[in-house]
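Reading through the structure tokens given below for one structure.
The values are calculated or read from the model by the stated rules, or taken from the named source; none is laboratory data. What you are looking at is a predicted structure, and each value in this text was computed from that prediction instead of being measured. Reconstructed Cβ throughout: ideal geometry from the backbone, glycine too, with neighbour counts over all protein chains shown.
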Amino acid sequence: MRMHTRVGIIGAGPAGLFLALLLSLEGIDSIVIENRSRAEVESTIRAGVLEQGTVDLMLEMGIGQRMHREGVVHHGIELRFDGCGHRINLYELTNGRAIMIYPQHEVIKDCIAARLQQGGQILFNVQDVQLSAVASDQPIIHFMHEQEQVELHCDFIAGCDGFHGVSRSCIPLSVQHVYSRAYPFGWLGILLQAPPSAKELIYAYHQRGFALVSTRSPEIQRMYIQCDPQDDIANWSDEMIIEELQARLVTDNNWQLRVGPIIQKNIVAMRSFVIEPMQYGRLFLAGDAAHIVPPTGAKGLNLAIADVRHLARALALFYQQQREDLLAAYSATCLQRVWRTEHFSWWMTSMLHRFPDDDPFQQRMQRAQLDYTVNSHAASMSLAENYAGLPFSVQP
Ligand code: FAD
Ligand code: DHB
């Protein structure tokens, strides 16, 4: 079967779905293809923190009503070390910016509902996705859908298929540069059935390793502890996880972790990764397909949204005014924010985790950085503006 669309979008994650919705607001048609089922896409537990800019964009796009009702705005975060909590007042330090706690899979549900309500296409459960002629002006996506071989002819292809997708490999080795770093630790994440233990997120540095207290709802909490990235989740009983959280979060003022049954647990490895350029011919990469950050700064989803915001605008100017300059500048434009975010996420990760091979000197460096971050107005402000999210720099 032969199909045609202006923009073929691979991947129904945040990047692909936001791009499809932004393009449709500009009157540009697209088709999204996704290799998982709708149910899987809508139930994968990942991010929880939305930057101010992402929140504002969702409201502008008309997909923010449920987030506005059910999400929770946080005006600060806590950095905890040596048994003592220090609040970073995001709101005051950024002139009124904040973060929203609203889970990624809820964002995804809202995007899919909006897309289908508009009559837009998302093909789930596709298989054997391959790209061809990406350097020409009629690139093609080949895939199987409902036992049929499909050729989707496009003006442009957006590779929004995450870190393990197929798009990135279409950029020839001779033109690509990859920058990456693997960290010697991972995150063990849990969903806990219990009331919130704190009003705001807690990022804790402890001799036993990093811990993070986040939330999902008044009944379900999200928490993470640093662990060996090769560890098997089967080695961690629920009791061990709770004990480790309690040990790492201990304070000198009797703060208590509220506990309950663990209803989900898994381990994710952590890495930093960037491919340059993010574009080749008519193929444009966006989100995790082009870059990965360690999750400590809560940036991955937000960065994916920033990419597609630029891409949608560049494509709109191409179709409406025959301008190619923004498309040509896409990679360079995105990479500015990408590298800023890579630095911030690496910095937060380095400050808050125990490195297996560290020595007393490195630990003193981390302590000095933590002290400075919570005690200096300038340093707190720098953390706050990055954490709440730097404003989008929208090109003319
Ligand atoms: P993805 O979400 O990976 O979407 C890609 C989609 O493409 C998937 O649905 C996939 O099935 C599909 N796909 C893959 N291959 C193919 C193919 N061959 N054909 C068709 N479809 C394909 N970010 C934040 O901003 N804030 C946070 O608080 C935060 N916390 C996190 C916590 C954890 C534990 C983790 C693991 C990540 C966290 N992130 C966070 C990162 C965030 O989840 C990702 O950066 C985000 O999902 C990236 O979106 P994406 O659309 O680029 O890629
Ligand atoms: C969550 C994830 C993060 O990576 C983070 O830094 C804060 C919160 C979360 O899943 O809630």
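Tell me which residues, restricted to region 261-312, are within 9 Å of ligand 1 (Cβ to nearest atom), outside any strand (DSSP E or B) and aliphatic (A, V, I, L, M). Result: A286, A289, A290, V293, A298, L301, L303, A304, I305, V308.
Here's the yes/no breakdown for (1) outside any helix (DSSP H, G or I); (2) at pLDDT 95 or above; (3) farther than 20 Å from F273 by Cβ; (4) touching a helix residue (DSSP H, G or I) at 6+ places or on another chain (Cβ under 6 Å):
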{"residue": "R337", "(1), (2), (3), (4)": "no, yes, no, yes"}
{"residue": "D358", "(1), (2), (3), (4)": "yes, no, yes, no"}
{"residue": "L370", "(1), (2), (3), (4)": "no, yes, yes, no"}
{"residue": "S382", "(1), (2), (3), (4)": "no, yes, yes, no"}
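Here L90 clears all of (1) more than 19 Å from D307 (Cβ to Cβ); (2) surrounded by fewer than 18 Cβ atoms within 10 Å (Cβ to Cβ); (3) away from ligand 1 (no atom under 13 Å from the Cβ); (4) at pLDDT 95 or above except the condition numbered (2).
In region 229-258, how many are within 16 Å of ligand 1 (Cβ to nearest atom) and in a helix (DSSP H, G or I)?
3
When region 167-184 is filtered for residues that are hydrophobic (A, V, I, L, M, F, W, C) and within 19 Å of the chain's Cα centre (by Cα), only A182 remains. Here T44 does not qualify as of a type in the set (S, T, Y) and modelled with pLDDT of 95 or more.
Quick one: in region 256-280, of everything that is crowded, with 17+ Cβ neighbours inside 10 Å and farther than 21 Å from C227 by Cα, which residue is nearest to ligand 2 (Cβ to nearest atom)? Applying the filter and picking the extreme gives V274. If you go through region 20-64 and keep only what is in contact (Cβ under 8 Å) with a residue 60 or more places away in the chain, more than 9 Å from ligand 1 (Cβ to nearest atom) and within 15 Å of the chain's Cα centre (by Cα), you end up with Q52, G53. Residues that are of a type in the set (K, R) and within 15 Å of ligand 1 (Cβ to nearest atom) within region 313-354 comprise R337, R340, listed in sequence order.
Residues are listed down the side, and each one gets a yes or a no for (1) in contact with a helix residue (DSSP H, G or I) (Cβ under 8 Å, 6 or more places away or on another chain); (2) over 22 Å from R367 (Cα atoms); (3) surrounded by 13 or more Cβ atoms within 10 Å (Cβ to Cβ):
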{"position": "H177", "(1), (2), (3)": "no, yes, no"}
{"position": "I190", "(1), (2), (3)": "yes, yes, yes"}
{"position": "L201", "(1), (2), (3)": "no, no, yes"}
{"position": "Q226", "(1), (2), (3)": "no, no, yes"}
{"position": "D232", "(1), (2), (3)": "no, yes, no"}
{"position": "W236", "(1), (2), (3)": "no, yes, yes"}
{"position": "R248", "(1), (2), (3)": "no, no, yes"}
